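Note sheet for the following structure.
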Amino acid sequence: MNLTKKDKKAFFLGAGVFAALVLVWTSAAWLVPAEAFQGEVYRILYIHVPSASCAFLCASLLFGFSIASLVKKSPQAQFGLWARASAEIGLFFTVLTLATGSLWGKPTWGTWWTWDARLTTTFVLALLYGAYLLLESSMPAGILRQKVCAVMGVLIFADVPIIYKSVTWWRTLHQPPTLNFAGSVPMDGPILRTLIFSLVLCVASCLWFVWQRSANLRLRLLFEDQSFRQWRGV
Amino acid sequence: MTNTYITAAFTLGLLAFLGLALWLFLQRSRLRILIKTLQEEEGERKDA
Amino acid sequence: MLSRKIKWVVASIIIGGTILALSFVNMDQNSVYFYTPAEAVEKAATLSKENIRVGGMVKVDSVQWDRPKLSLAFILSDLKGTEIHVQHRGTPPDLFKENAGVIVEGSIAAEGNSFLATKLMVKHSEEYRQPEHGGTQADKSLLTKSLAL
């Protein structure tokens, strides 16, 4: 298998986080009380909200790495790889958010989908992530790619507050944010606590994914460079 | 009935996380082998 | 392995298409996701020609459900006096009940008093409470606020 000691440590850590997450989700699916209005099906909250948060987190990471790659002289390739990994994992979580949201919408709202501001802007986020990845992989490495990707990174980052505020700025089917950053949160203790646990573990998983994917991208680049040099007989 | 939706959502989440982790693991494994093979070839070439 | 050119083209189409779609869908001053009952009644004459959405509350004791015919009738209210009689064919969503928030999609009569709904969507607030309030939303004000009532 040829994994290094560091590889094994990293994957053990990941396994640990994942095991903890499985425990929390088991609690979410069976142990936590049902909800007063929605009944049992509200439990999807415990995956849907953390997924969305991770999708937003990735946008922030992408933004940070994009700026860093423009500002810092070196190591630029590094920031580019971390940015790409953030975009990939960001897309992963955005799709998961849309899918779990849809599964939640059908039994509660009565519809799989609607083009209200919240759902539309989140869908746009997925498209933007996709476009970023296509652009990044279709352009040769260099200043132009860095700049174009940085611009895309800014657009993606800008969509996040729009998504968050969409339910307040416009009339939507989707309800306003429960986790508001001001005043009281309209969520009972046991529900909120479990949500926070799931959120923290999902964020940890998200960071782990970005970290490990970046490492793989770096290894791949290393392999390609080395392979090219050896082929040339240097 | 709503249980179907809950099951689907959590199963999707679990499989997605597991799948991604597995993919990263297999990718890492493959890359390590490829790099090692390259280094061995380099070594052989230099000896020759 | 898609060629670089193809990736470029697809990415440009996605970006361009997204921007175009956004400009058309969201920038229109006259398009709201749903009207309030008062707004819908007031503009009923013009709106009756379009497919619109109206959001409000299901009035208590107004729900009539004819299961064999799959025919639903109820009153959509803004809790401030405006009422619209809604008719819908088909089973309503599980959470549909009196005092629930609902968004109906379909057409309003030119007089503004009745609505033929092709789609019913239950709208709930951002509250998450343990069960003790008899299955209704505890804090009505959160729900009415997001319905612009």
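Computed from the coordinates by the stated procedures, all read-outs in this text should not be read as laboratory data. On a predicted model such as this, the values are computed, not experimentally measured, just so you know. No Cβ is skipped: glycine too gets one built from the backbone with ideal geometry, and neighbour counts run over all protein chains shown.
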>> Could you identify which residue out of A:G110, A:G90, A:G80 has the top mean-square fluctuation in a GNM of chain A using Cα springs shorter than 10 Å?
In response: A:G110
> What spacing in nm lies between the two simple spin-label points modelled at C:S31 and C:K119, each 7 Å away from Cα in the Cβ direction?
Replying inline: 1.3
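Mind checking the dipole of chain C: about its Cα centre, +1 per Lys or Arg Cβ, -1 per Asp or Glu Cβ, Debye to the nearest 20?
Once rounded to the nearest 20, the dipole reads 740 debye.
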>> Cross-link candidates for C:K140: which lysines have Cα within less than 19 Å, leaving aside residues fewer than 8 places away along the same chain?
In response: C:K59, C:K80, C:K97, C:K123
>> To test your reading of the geometry: what angle, between 0 and 90 degrees and rounded to tens, separates the Cα axis of helix A:76-108 from the longest principal axis of chain A?
In response: 20
> What does the highest-first list of A:35-47, B:31-43 look like by mean Cβ count within 10 Å?
Replying inline: A:35-47, B:31-43
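Work out the P(r) tail for the protein assembly as shown: percent of alpha carbon pairs separated by more than 42 Å, whole number.
Value for the protein assembly as shown: 26 percent of Cα pairs lie more than 42 Å apart.
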>> Angle check, please: helix C:4-26 long axis (alpha carbons) against the longest principal axis of chain C (alpha carbons), in degrees 0 to 90, nearest 10.
In response: 30
> Can you tell which of C:I84, C:I13, C:I75 shows the greatest fluctuation in a Gaussian network model of chain C with Cα springs below 10 Å?
Replying inline: C:I13
> Tilt of helix A:189-232 relative to the longest C-alpha principal axis of chain A, in degrees (0 to 90, nearest 10)?
Replying inline: 20
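Given charges of +1 on the Cβ of Lys and Arg and -1 on the Cβ of Asp and Glu, with all other atoms neutral, how large is the dipole of the protein assembly as shown about its Cα centre, in debye to the nearest 20?
Computed charge dipole of the protein assembly as shown: roughly 1740 debye.
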> Using helices alone, what [θ] at 222 nm do you get for chain A, with -39,500 (n - 2.57) per DSSP H run of 4 or more residues, divided over all residues and rounded to the nearest 500?
Replying inline: -27000 deg cm²/dmol
> Where a Cα-Cα gap under 17 Å defines reach, which lysines qualify for B:K46, not counting those fewer than 8 residues away within the same chain?
Replying inline: B:K36
>> Per-residue Cβ counts within 10 Å, from other chains only, averaged over B:16-28: what number is that?
In response: 6
> What nm value, rounded to one decimal, do you get for the distance between C:S48 and A:A141 when each label is placed 7 Å out toward the C-beta?
Replying inline: 6.8
> Which of the peptides A:172-180, C:95-103, C:66-74 is most tightly packed, and how do the rest follow, judged by the mean count of other Cβ atoms within 10 Å per residue?
Replying inline: C:95-103, A:172-180, C:66-74
> For segment C:45-92, treating each Cα as an identical point scatterer without solvent, what Debye log10 I(q)/I(0) comes out at q = 0.20 1/Å?
Replying inline: -0.76
> Cα convex hull of segment A:5-74: how many Å³ per residue?
Replying inline: 95
>> Give the aspartates and glutamates reachable from A:K147 as a straight Cα distance under 20 Å; neighbours fewer than 8 places away on the same chain don't count.
In response: A:E88, A:E136, A:D159
>> At a 10 angstrom cut-off on C-beta neighbours, averaged per residue, how do the peptides A:222-233, A:135-146 rank from highest to lowest?
In response: A:135-146, A:222-233
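Across peptide B:30-42, what mean number of C-beta atoms from other chains lies inside 10 Å of a residue's C-beta?
5
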> By how many nm would the segment from B:E40 to B:L15 lengthen if fully extended, with 0.36 nm per residue of separation less the alpha-carbon distance?
Replying inline: 5.3 nm
>> Using +1 at the C-beta of Lys and Arg and -1 at the C-beta of Asp and Glu, which of C:A21, C:P37, C:S71 has the Cα lying farthest in the positive direction of the dipole of the protein assembly as shown?
In response: C:A21
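I need the semi-axes of the equivalent ellipsoid of chain A: take the C-alpha gyration tensor, multiply each eigenvalue by 5, square-root it, list largest first in whole angstrom.
Each semi-axis is √(5λ); the values are 36, 23, 14 Å.
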> So if R0 is 22 Å, what FRET efficiency would A:F12 and A:R220 give, r being the distance between their Cβ atoms, rounded to the nearest 0.05?
Replying inline: 0.45
> Taking Cα atoms of segment A:1-127, Rg/Rh with Kirkwood Rh, to two decimals?
Replying inline: 1.08
> Across segment A:108-193, how large is the tail of the calculated P(r) beyond 14 Å, expressed as a percent of all Cα pairs?
Replying inline: 72
> At what distance in nm do the modelled label points of A:V151 and A:I196 sit from each other, each positioned 7 Å from its Cα along Cα→Cβ?
Replying inline: 4.3
> If you average 1/r over every pair of different alpha-carbon atoms in chain B and take one over that average, what Kirkwood value in Å do you get?
Replying inline: 13.7
> Using a Gaussian network for chain A with springs between C-alpha atoms less than 10 Å apart, which of these wobbles most: A:F12, A:F56, A:F93?
Replying inline: A:F12
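Taking every residue in C:10-20, how many Cβ atoms of other protein chains lie within 10 Å of its Cβ, on average?
What the average comes to for C:10-20 is 5.
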> Could you give the Stokes-Einstein D for chain C in µm² per second, using the C-alpha Kirkwood radius, 10 °C, 1.306 mPa s?
Replying inline: 91
